[in-house]
Amino acid sequence: MPAVRMLQHVVGQLLLGPACGCRTSALPARSLGASPWQIPANANFHSASFSETDRPRVLITGGLGQLGVGLANFLRKRFGKDNVILSDIRKPPDHIFQSGPCIYSDILDYKNLREIVVNNGITWLFHYSALLSAVGEANVSLAKAVNITDVAVEHGLRLFVPSTIGAFGPTSPRDPTPDLCVQRPRTIYGVSKVHAELMGEYYHYRYGLDFRCLRYPGIISADSQPGGGTTDYAVQIFHDAVKNGKFECNLKPSTRLPMMYIDDCLRATLEVMEAPAESLSMRTYNINAMSFTPEELAQEVHKHIPEFQITYNVDSARQAIADGWPVSLDDSNARKDWKWKHDFDLPELVTTMLNFHGSDTRIAQAN
Ligand SMILES: NC(=O)c1ccc[n+]([C@@H]2O[C@H](COP(=O)([O-])OP(=O)(O)OC[C@H]3O[C@@H](n4cnc5c(N)ncnc54)[C@H](O)[C@@H]3O)[C@@H](O)[C@H]2O)c1
Ligand SMILES: C[C@@H](O)[C@H](N)C(=O)O
């Protein structure tokens, strides 16, 4: 849709209110304090309980990647299984298909997306579809088109877009990188994320779109595979350490990057979505947990698996990307505005990941 027509359309929709008459979500009160996998079924959340009509109706796009399934499980505990729809262009494995609503949606197909929003009374959209940094560089024309957000304005949705450390570049201050600074990323992934940040903020300030965005560090998860990023080594190392006792790393030993365990990431995402609008002094926040190098991560793994060995075979494309990214993020605004606080540092991360991968036996043998 040409830009001018789109804006006319958007203004029209805003004057009319949500086109579908679907519920705009009531602002829920405060946040969760625990990690998702630690939440018992009868958990007592620190916020007002939701009546069925107050609960947001959630759509997650690009939901079958590293983070989407975990997010859906997390949100389903909070809002009910049927209120959270996972979507992707890939076919879900059976266990995911059985676990709750899961549908096909190509975010490049605007009409299809709009139909899903209208037919399901969607009120919150988590826009997760993307091509990560390394894969995006190999597929620039596709990566450019994947980030679209207009449907959120058209239907009065609360919109979450995950941004990334990749939204910064070599000319940004790197240690720590503040929320507001020069952003000249050198990957198509980063460029598309800066575009999404700016579009979301523009529509927020111009048309009142309830846009919320976090810049995630590299996310480390145990039960899902990363989708082609520069920080993937920090996930793969655990699989290989447990299976083979060794790992070949594609970044230099001294490459320090910001990282976060998935539980912290998902909790932050829900916390910022539930934060009262008046507590948000900005709409795009950095969140930070830990920073480490491959060498430091290997040393920590070594404490659990003494025979573990790491070797290095540097991938120049990934290394160039990593060298232009932040070493750590300044997340003081998130900590101040909506009380963000991470739970996992490097030792807890490594213990949790190795336990998940069933290394108990090896640890016991080593001791
Ligand atoms: N994983 C991380 O470390 C990390 C860090 C920072 C930000 N993020 C952001 O979080 C979000 C989720 O990340 P992830 O690691 O799960 O990504 P991923 O690459 O693992 O998954 C992305 C999903 O998007 C889907 N997709 C691609 N094109 C699509 C299209 N046209 N329509 C619908 N779906 C499409 C893919 O099939 C895939 O399942 C992304 O936006 C990513 O940029 C992730
Ligand atoms: C950092 C992040 O956005 C992603 N994991 C990548 O490496 O591309």
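Bear in mind that the values in this text are calculations on the coordinates, not laboratory data. On a predicted model such as this, the values are computed, not experimentally measured, just so you know. Cβ atoms come from the backbone with ideal geometry, glycine included; neighbour counts cover every protein chain shown.
Couple of notes before you dig in:
- Against the empirical 2.2 N^0.38 Å (N residues), region 183-320 has a Cα radius of gyration ratio of 1.25.
- Of Gly136, Ser163, Leu108, farthest towards positive along the dipole that unit charges on Lys, Arg, Asp, Glu beta carbons give region 70-174: Ser163
- With the convex hull drawn over the C-alpha atoms of region 248-345, the volume per residue is 106 Å³.
- Among the listed pairs Lys81/Lys246; Lys193/Lys246; Lys246/Lys341; Lys193/Lys339, those beyond 29 Å (Cα-Cα): Lys81/Lys246; Lys193/Lys246; Lys246/Lys341
- Principal axis analysis of the Cα atoms in region 138-209 yields extents of 38, 29, 16 Å, listed in decreasing size.
- Restricting the calculation to Cα atoms, region 277-328 yields a radius of gyration followed by a Dmax of 17.0, 52 Å.
- Within straight-line reach of Lys243, meaning a Cα separation under 30 Å, sit the following lysines at least 8 residues removed in sequence or on another chain: Lys91, Lys252, Lys303.
- Stretching the chain fully between Val327 and Arg90 yields a gain of 82.0 nm (0.36 nm per residue, less the alpha carbon separation).
- Estimated FRET transfer efficiency (Ser99, Asp54; beta-carbon r; R0 25 Å; 0.05): 0.60
- Using C-alpha pairs below 8 Å separated by at least 6 residues, the relative contact order for region 184-297 is 34 percent.
- Taking max minus min of the alpha-carbon positions on each principal axis, region 101-249 gives extents of 51, 39, 25 Å, largest first.
- Packing, as the average of other Cβ atoms within 10 Å across residues, places the peptides 258-268, 90-100, 274-284 in the order 258-268, 274-284, 90-100, highest first.
- The length gained on full extension between Glu278 and Asp175, counted as 0.36 nm times the residue separation minus their Cα-Cα distance, comes to 34.1 nm.
- The label point for Asp106 and the one for Phe356, both projected 7 Å from the Cα toward the Cβ, are 3.2 nm apart.
- Chain lengthening between Glu300 and Tyr202 when straightened (0.36 nm per residue, less Cα-Cα): 31.0 nm
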